[in-house]
Amino acid sequence: MSEAPGASVRRSPDGETCVSFLSRGDRVRGRARAHASAAPPLVLLAPPDGAAFGAYADAALAAWSAWSSVAAFDLPLCGSRRSDKLGGLAFDSDETLALAIRADLELQLESDLATALDWLAAELPAVPSRIAFVGLGRGAELARGFCEREPRLDVALLAVEPPHALLLTRGPDGDRLFERTLPSLDPRPGALEAVARLLRAALGD
């Protein structure tokens, strides 16, 4: 039984589960592919285009589900939530509008991802051994606060733009974050294996 408010769930023949739920009055759509092992890691993905059903998410769910459960959800103003009027302006750092609504977008995404984790906890057949967040581009920009505050996350890999990415790991006490700078990550679907290697090393997989 899903714990996400207003959730609508659809399961496809290939083993993928699609969901939509309410978060701060906004409807969020996403997808998850569960791994069959007893206690796999879980990777929560915010792809470069912010779309749960885009090319990067398609490739990541297909590749990473070989070793983990994987889920992706549309970011605010991305994917099914895209706004032709606001989308370009809201993510342009030179625009006044971007500064005005940045804090609200961060709060919205924090609510979205926390609700997504609630839903995944109820939906996945096995409790994840560890949980990682991967944010590239817009997802990395908006989710830093969520990654710092969400106690269920063990690892966060954030890549906003070259030349660097950040790896955040939560210490054994559960409340201390360790930050490490990494070389830039390639945001193209063809570079998924390099991201997977970093994740699996950080997760101890």
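Extension gain for Asp26-Ala121 works out to 32.1 nm (0.36 nm per residue, less the C-alpha to C-alpha distance). Computed extension gain for Val9 through Ala39, at 0.36 nm per residue and net of the alpha carbon distance, reaches 8.5 nm.
Label-to-label distance, Leu182 versus Arg82, with points set 7 angstrom from Cα along the beta-carbon direction: 2.8 nm.
Taking 25 °C and 0.890 mPa s as the conditions, I'd like the Stokes-Einstein D for region 8-203 in µm²/s, using the Kirkwood hydrodynamic radius from alpha carbon pairs.
Numbers: Rh = 16.8 Å.
Translational diffusion coefficient: 146 µm²/s.
Potential lengthening of the chain between Phe53 and His164 amounts to 37.3 nm, from the contour at 0.36 nm per residue minus the alpha-carbon distance.
This model, with +1 at the C-beta of Lys and Arg and -1 at the C-beta of Asp and Glu, gives the chain a dipole about its Cα centre of some 400 debye. Pairs of alpha-carbon atoms within less than 8 angstrom and 6+ residues apart define the contacts here; what relative contact order does the chain have, in percent? Relative contact order for the chain comes out at 19 percent. Helical runs (DSSP H, four residues minimum) scored at -39500 (n - 2.57) apiece and divided by the length of the chain put the mean residue ellipticity at 222 nm at -10000 deg cm²/dmol.
Rounded to the nearest 5, what is the percent of antiparallel bridges among the DSSP beta bridges in the chain?
Numbers: 28 of 42 bridges.
Of all bridge pairs located within the chain, approximately 65 percent are antiparallel.
Exposed loop sites here are trypsin sites (Lys or Arg not before Pro) assigned a DSSP state other than H, G, I, E or B and surrounded by at most 10 other beta carbons within 10 Å; excluding them, the longest clear run of the chain is 86-175.
Any read-out appearing in this document is the output of simple, stated calculations on the displayed coordinates, not a laboratory observation. These figures come from a predicted structure and were not determined experimentally. Virtual Cβ from ideal backbone geometry, glycine too; neighbours counted across all protein chains shown.
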